[in-house]
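Each remark here refers to the structure printed beneath this line.
Please treat every number below as a calculation from the coordinates, not as lab data. This one's a predicted model, so the numbers in the text were calculated from it and none came from an experiment. Counting neighbours? That spans all protein chains shown, and the Cβs are built from the backbone with ideal geometry, glycine included.
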Amino acid sequence: MDARRRKILIGAALGLGTALLRPTLGRAQQPGLGRDRLVLLGTKGGPRVTSYAPTPSSNLIVYRNVPYVIDAGYGVTFKLVEAGLPLPALRYIFITHHHSDHNLELGPLVYNAWATGLRSSIDAYGPAGIQELLDAYWQSERFDIDTRIADEGRPDLRKLVSAHTYAQGPVFASEDVKVTALRNVHPPIVESYALKFEFGGKTIVFSGDTTYFPPLAEFAKGADVLVHEVMYGPALEALVQKNPNAATLMAHLKASHTLAEDVGRIAAAAEVKMLVLNHFVPGDDKSVTPEVWTAAVRKTFAGNIVVGRDLLEVAL
């Protein structure tokens, strides 16, 4: 299936019709950052990097010319550039939990935006520890930042970025966007969250990293899009054999992530309009094809399933 046909089918599944997904039809392109959209930037679960695609976790929502980045795994800067987002346009960043495949590039991302011309503020939201994460990055690059401020006339990056700590409940609210958090179950990390974005009559929920967690279904009830992590049980043995700590890793995966059939159970109970699979475990096993992922989830969910991939775009 070609890219154009895939986008049309995704739009139809969301009840958006085909016009929004065709560049020459429907409403005119918005100035600035383009159409409202969801983009999966990095879709691989875990920190191990084996190729440019897939890369670790990151996502983008653009709504009314404002970008919202959800997680900042390694590679997020290049994926944002490839997705057509000017880095100086960065405005809001949300971290779901402090695993490196979700926060490793937070500091470098804002730095790269600054190096590309950022002069406006960025607000970064995350569980407890986000301020320390940024402070440590500022310290690691103190010499470079101070040098470029003096030598190149740049504003102080450290003063442009504000860190905000959140817990379960309201996270963010503006005139037209609301973000709410639900603590999920991702041991051994306690401060790990699902995030719900509500805007323009649409709702997108990101599961974050979590084991099977039935309360998530109520949190995502009726959502237009549920972006949920997914793990394929039959492929776990081959995955852990690539790691010297195989037994410990297997125990972690089983306790902390959601098997495909259970992802389907959450989506069915939530009655979501579209389920987008993301944060794949394993993320780079070519024998686990999109058809395999779909078949595994289809056992428990009869609705619309989209198998995510890096830079997949869903029009909103």
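Return the distance in nm (one decimal) between the two label points of a simple spin-label model at GLU237 and ALA255, each offset 7 Å from Cα along Cα→Cβ.
Modelled inter-label distance: 2.3 nm.
Mind listing the long-range amide H neighbours of ILE122? Cut-off is under 5 Å, sequence gap 5 or more, other chains count too, H placed in the peptide plane at 1.01 Å from N.
VAL161, SER162
List the GluC sites (Glu not before Pro) within the range 146-228 that DSSP assigns to loop and that have no more than 11 neighbouring Cβ atoms inside 10 Å. The partial results should precede the final answer.
Values: sites: GLU152, GLU175, GLU191, GLU198, GLU218; in loops: GLU175, GLU191.
Qualifying residues, ordered by number: GLU175.
Along its three principal axes, how long is the range 76-127 when you only count alpha carbons? Whole Å, largest extent first please.
In descending order, the Cα extents are 28, 22, 15 Å.
To the nearest Å, what is the center-to-center distance of the range 217-250 and the range 102-140, using C-alpha atoms only?
Using only Cα atoms to place each centre, the spacing works out to 27 Å.
For GLY84, list long-range residues whose amide hydrogen, built 1.01 Å from N in the peptide plane, is under 5 Å from its own amide hydrogen.
Answer set, sorted by chain and number: none.
Treating cross-link reach as a plain straight distance, find the aspartates and glutamates whose alpha-carbon is under 20 Å from the alpha-carbon of LYS159, omitting any fewer than eight places away in the same chain.
Partners within reach: GLU105, ASP123, GLU132, ASP135, GLU141, ASP144, ASP146, ASP151.
Pairs of Cα atoms under 8 Å, at least six residues apart: use those to get the relative contact order of the range 3-315, whole percent.
Details: 662 pairs, mean separation 54.6, N = 313.
Taking the mean separation of contacting Cα pairs over the length of the range 3-315, I get 17 percent.
Can you pull out the trypsin sites (Lys or Arg not before Pro) in the range 148-256 whose DSSP state is coil and whose Cβ has at most 16 other Cβ atoms within 10 Å?
When the trypsin sites (Lys or Arg not before Pro) of the range 148-256 are filtered for loop state and at most 16 Cβ neighbours within 10 Å, LYS221, LYS242 remain.
Give me, ordered by chain and number, the residues 5 or more places off SER192 or on other chains with an amide H under 5 Å from its own placed amide H.
It is ASN184, by chain and number.
Within a Cβ distance under 14 Å of SER287, other residues only, what is the Lys/Arg minus Asp/Glu net charge?
Residues close to SER287 contribute a combined charge of -2.
Could you go through the range 186-195 in sequence order and give the Karplus-derived ³J(HN,Hα) for each residue, using 6.51 cos²θ - 1.76 cosθ + 1.60 with θ = phi - 60°, rounded to whole Hz, and x for Gly and Pro?
Values per residue, Gly and Pro as x: 9, x, x, 7, 8, 8, 10, 9, 8, 10 Hz.
Using DSSP to define loop residues, name the chymotrypsin sites (Phe, Trp or Tyr not before Pro) in the range 28-88 whose beta-carbon has at most 11 other beta-carbon atoms within 10 Å.
Taking the range 28-88 and a limit of 11 other Cβ atoms within 10 Å, the loop chymotrypsin sites (Phe, Trp or Tyr not before Pro) found are TYR52.
For the chain, what is the calculated [θ] at 222 nm in deg cm²/dmol (nearest 500), taking -39500 (n - 2.57) for each run of four or more DSSP H residues and dividing by its residue count?
Roughly -8500 deg cm²/dmol at 222 nm, from the helical runs in the chain.
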